[in-house]
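Engineer: Dumping the structure here so I can ask a few things about it.
The values are calculated or read from the model by the stated rules, or taken from the named source; none is laboratory data. If you're wondering where the values come from, they're calculated on a predicted model, not measured in any experiment. No Cβ is skipped: glycine too gets one built from the backbone with ideal geometry, and neighbour counts run over all protein chains shown. We work out accessible area using only protein heavy atoms, side chains counted, and drop any ligands, DNA or RNA first. Shrake-Rupley method; radii C 1.70, N 1.55, O 1.52, S 1.80 Å.
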Amino acid sequence: KSPRLFGYAEDSGFVEHKEAGMKWMSEFGLKIHQPEQVLLTNGAQHALSTLILMFSQPGDKIAMESVTYPGIISIVQELGRIPVAVQMDEHGVIPESLAEVIHRDNISLAIVVPSHQNPTGATMPVERREKIAAIVERFNIKLIEDDIYSFLNDSVLPPLANLLPKNTFYISSLSKAISPGIRCGFIKAPSQYASKIGRFIRSSI
């Protein structure tokens, strides 16, 4: 019998599970060297709700793609936040629109799906990712990068979290890539927030 069955795991999972998450996310270009930055969640939806709860307040406006999948809108609205649309083109979020929305609506948190965005299928090329990262850095807001479809890319594209590691929370999941029944998600958090998120996850499940 495993002694682990007679005690609690660490706040955000066993080290070897975090290391497996590191290996998985690294396959899609994410730069990550410390397993302490990896937090395990019950899928990407749980990761999204956790980050929204932690880094926004009821009534806050959250920037997101103008055409997006119902799951994100549902989470934002159920938590009492207000979704604000950022205009898109064939390459995803338009940088100028993001900058305008952040400035106009006092946005402190934005969510983007950079690869094979649902439902448009748009994938941000490298230049677009660099422009989005520059805007997020200029306004010093927090960014959630929902990258669950990166496994569909023909070649590795640099995650926004590589370009802006101190401001970006990167989400990946096994559900879309392997099986919907595998409710396993990962958050790669900036180092300064990892312990705080781990404690929140522990208290909420």
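Engineer: Examine region 126-145 for a residue that is open to solvent by 30 Å² or more (accessible area, probe 1.4 Å), at pLDDT below 95, polar (S, T, N, Q) and part of a loop (DSSP other than H, G, I, E, B), and state whether such a residue exists.
Structural biologist: no
Engineer: Identify, please: which residue in region 146-164 is touching a helix residue (DSSP H, G or I) at 6+ places or on another chain (Cβ under 6 Å) and assigned to a loop (DSSP other than H, G, I, E, B) and is, among those, surrounded by the fewest Cβ atoms within 10 Å (Cβ to Cβ)?
Structural biologist: Filtering region 146-164 for residues touching a helix residue (DSSP H, G or I) at 6+ places or on another chain (Cβ under 6 Å) gives 148, 160, 163-164.
Those left that are additionally assigned to a loop (DSSP other than H, G, I, E, B): 148, 164.
Numbers: ILE148: 23, LEU164: 21.
Applying the filter and picking the extreme gives LEU164.
Engineer: Residue check: is GLU65 more than 16 Å from the chain's Cα centre (by Cα) and charged (D, E, K, R)? Give the derivation first.
Structural biologist: Details: more than 16 Å from the chain's Cα centre (by Cα): no; charged (D, E, K, R): yes.
It is false that GLU65 is more than 16 Å from the chain's Cα centre (by Cα) and charged (D, E, K, R).
Engineer: Looking at ALA110, ALA85, which is the one that is of a type in the set (Gly, Ala, Ser), buried (at least 18 other Cβ atoms within 10 Å of the Cβ) and modelled with pLDDT of 95 or more? Break it down into steps so the answer makes sense when it comes.
Structural biologist: On the way: ALA85 fails: buried (at least 18 other Cβ atoms within 10 Å of the Cβ).
Of ALA110, ALA85, the one residue that is of a type in the set (Gly, Ala, Ser), buried (at least 18 other Cβ atoms within 10 Å of the Cβ) and modelled with pLDDT of 95 or more is ALA110.
Engineer: Report, by residue number, each residue of region 84-116 that is touching a strand residue (DSSP E or B) at 6+ places or on another chain (Cβ under 9 Å), part of a strand (DSSP E or B) and under 27 Å from LEU152 (Cα atoms).
Structural biologist: ALA85, VAL86, MET88, GLY92, VAL93, LEU109, ALA110, ILE111, VAL112
Engineer: Another one. Let me confirm something: among PHE186, PHE169, PHE200, which residue is assigned to a helix (DSSP H, G or I) and within 24 Å of PRO35 (Cα to Cα)? Can you show your working first?
Structural biologist: Details: PHE186 fails: assigned to a helix (DSSP H, G or I); PHE169 fails: assigned to a helix (DSSP H, G or I).
From the options PHE186, PHE169, PHE200, the qualifying one is PHE200.
Engineer: A further question on this structure: Based on this model, can you work out whether SER56 counts as loosely packed, with under 15 Cβ neighbours inside 10 Å and among the hydroxyl-bearing types (Ser, Thr, Tyr)? Reasoning before the result, please.
Structural biologist: On the way: loosely packed, with under 15 Cβ neighbours inside 10 Å: no; among the hydroxyl-bearing types (Ser, Thr, Tyr): yes.
Considered against the rule, which asks whether it is loosely packed, with under 15 Cβ neighbours inside 10 Å and among the hydroxyl-bearing types (Ser, Thr, Tyr), SER56 comes out as no.
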